[in-house]
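What follows is a set of notes on a single structure, which appears directly below.
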Amino acid sequence: MGWSDFLLKYRGSVLGYLWSFLSPLGKFLVVYYVFGPIVSAEIPFYALYLFLGLIIWEHFTVTTMACMNMLEDKAMIIQKIVFPRILLIFMVGWTNLLVFFTHLFIFLLFAWWAKVPLTWALLYLPMIILQMTLIALGIGMLLTSWSLKYRDIGHLWGIAVQLLFWLTPITYKYRLDGTVWRSFVGLFSRPLPQTLPAYADIFVNFQPMSILMNDARRVLLYSDVSGAPSFTHAAVSLLMCSGIFALGVWAYQRRSPYFPEEY
């Protein structure tokens, strides 16, 4: 079903599959034009830094939105056929991963052309893709669980995505000093921040998408300098992403029997 949706999504359009590139490409051109002259000097390979952040963010937002839209797209199936409805979530994840892999392939071509040094740290890439999928599907299932009962969730999430875009180091440098988890533990030994920007800075540094993007850039852009994340970092990150996914599965499985009544 996921493969069929992938093939039918752009069927009949003039540009076909090229439509999947237009959104990240448009954002890239605008953001690079605005921020490139300001921050490119302090961020090596800034064009690739920005492009990688945008394709990861695009996968996250499109997947979460697609999880909610799936309930409307598959309404006839959900209302008439009894089956494990979590399969629809896996279908969304599979379809959007296919799109992401094509974006990633283009990124790797540009990285090769720009002579970005690639090392054995590239073997960590499957872990990043796994964590990225767990986060996107976990949050997607949490939103989907109540999106039929509370129709405002889709609109609220659209606004939240706009805000989160700027609260994730996509266009600017990830400014955390030291290891992520030691810095996070160190927060509890300091006095509480007194200003809203200080809390926003903490959120930017420690929210899951920020950590994920930093890991991806370490592996794909700066592996000769920073290397792959440590085993402890990988284990804690995977545990965090798995927790989000497990929470989403729990909410989705608990709420899915009520979906036919809420249309």
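Tell me whether the range 138-148 contains one or more residues that are over 17 Å from the mean Cα position of the chain (by Cα) and part of a loop (DSSP other than H, G, I, E, B). Yes, that holds for at least one residue.
Residue-level check: of (1) over 30 Å from Ser242 (Cα atoms); (2) aromatic (Phe, Trp, Tyr); (3) outside any helix (DSSP H, G or I), Phe83 misses just (1).
The test for being within 16 Å of Cys241 (Cα to Cα), of a type outside the set (S, T, N, Q), in contact with a Gly (Cβ under 6 Å, 6 or more places away or on another chain) and at pLDDT 80 or above does not hold for Met209. All conditions but one from (1) surrounded by 11 or more Cβ atoms within 10 Å (Cβ to Cβ); (2) modelled with pLDDT of 80 or more; (3) part of a helix (DSSP H, G or I) apply to Pro44; the one that does not is (3). Just one residue in the set Phe21, Phe60, Phe35 is surrounded by 14 or more Cβ atoms within 10 Å (Cβ to Cβ) and modelled with pLDDT of 85 or more; that residue is Phe60. Over 21 Å from Ile55 (Cβ atoms), surrounded by 19 or more Cβ atoms within 10 Å (Cβ to Cβ) and out of contact with any Phe, Trp or Tyr (no Cβ under 7 Å at 6 or more places or on another chain) - does that describe any residue in the range 216-238? Looking for residues that are over 21 Å from Ile55 (Cβ atoms), surrounded by 19 or more Cβ atoms within 10 Å (Cβ to Cβ) and out of contact with any Phe, Trp or Tyr (no Cβ under 7 Å at 6 or more places or on another chain), one finds none in the range 216-238, hence no.
Considering only residues that are in a helix (DSSP H, G or I) and surrounded by fewer than 18 Cβ atoms within 10 Å (Cβ to Cβ), which ones fall in the range 168-190? Answer for the range 168-190, where residues must be in a helix (DSSP H, G or I) and surrounded by fewer than 18 Cβ atoms within 10 Å (Cβ to Cβ): Trp181, Arg182, Ser183, Phe184, Val185, Gly186, Leu187, Phe188, Ser189. Would you confirm whether or not the range 67-77 contains a residue that is at pLDDT 90 or above, touching a helix residue (DSSP H, G or I) at 6+ places or on another chain (Cβ under 8 Å) and either crowded, with 17+ Cβ neighbours inside 10 Å or not in a helix (DSSP H, G or I) (or both)? Scanning the range 67-77 turns up at least one residue that is at pLDDT 90 or above, touching a helix residue (DSSP H, G or I) at 6+ places or on another chain (Cβ under 8 Å) and either crowded, with 17+ Cβ neighbours inside 10 Å or not in a helix (DSSP H, G or I) (or both).
Residue pairs whose Cβ atoms lie under 7 Å apart, sitting 6 or more positions apart in sequence or on different chains, and linking a residue in the range 22-39 that is without any contact (Cβ under 8 Å) to a residue 40 or more places away in the chain to a partner that is buried (at least 16 other Cβ atoms within 10 Å of the Cβ), are Ser23/Glu58; Lys27/Leu54; Phe28/Leu50; Phe28/Phe51; Phe28/Leu54; Tyr32/Leu50; Gly36/Tyr46. Candidates are the residues of the range 210-247 that are assigned to a helix (DSSP H, G or I) and among the aromatic types (Phe, Trp, Tyr); the one that is nearest to Pro44 (Cα to Cα) is Phe231. State whether one or more residues within the range 92-106 are without any contact (Cβ under 8 Å) to a residue 12 or more places away in the chain, among the polar types (S, T, N, Q) and either out of contact with any Pro (no Cβ under 9 Å at 6 or more places or on another chain) or crowded, with 21+ Cβ neighbours inside 10 Å (or both). Among the residues of the range 92-106, not one is without any contact (Cβ under 8 Å) to a residue 12 or more places away in the chain, among the polar types (S, T, N, Q) and either out of contact with any Pro (no Cβ under 9 Å at 6 or more places or on another chain) or crowded, with 21+ Cβ neighbours inside 10 Å (or both), which makes the answer no.
Looking at Phe51, is it at pLDDT 90 or above, within 12 Å of the chain's Cα centre (by Cα) and not β-branched (Val, Ile, Thr)? So Phe51 does not fit the description; no. Checked against (1) among the polar types (S, T, N, Q); (2) at pLDDT below 90; (3) surrounded by fewer than 12 Cβ atoms within 10 Å (Cβ to Cβ), Gln162 meets all criteria but (2).
Checked against the criteria, Phe203 counts as exposed (fewer than 15 other Cβ atoms within 10 Å of the Cβ) and in a helix (DSSP H, G or I).
Which ones in the range 215-239 are in contact with a Leu (Cβ under 9 Å, 6 or more places away or on another chain), modelled with pLDDT of 90 or more and not β-branched (Val, Ile, Thr)?
First, the residues of the range 215-239 that are in contact with a Leu (Cβ under 9 Å, 6 or more places away or on another chain): 216-217, 219-221, 223-224, 228, 237-238.
Narrowing further to those that are modelled with pLDDT of 90 or more: 216-217, 219-221, 237-238.
Residues satisfying the conditions are Ala216, Arg217, Leu220, Leu221, Ser237, Leu238.
The values are calculated or read from the model by the stated rules, or taken from the named source; none is laboratory data. Bear in mind that the values here come from a model prediction, so they are computed numbers and not experimental data. Cβ atoms come from the backbone with ideal geometry, glycine included; neighbour counts cover every protein chain shown.
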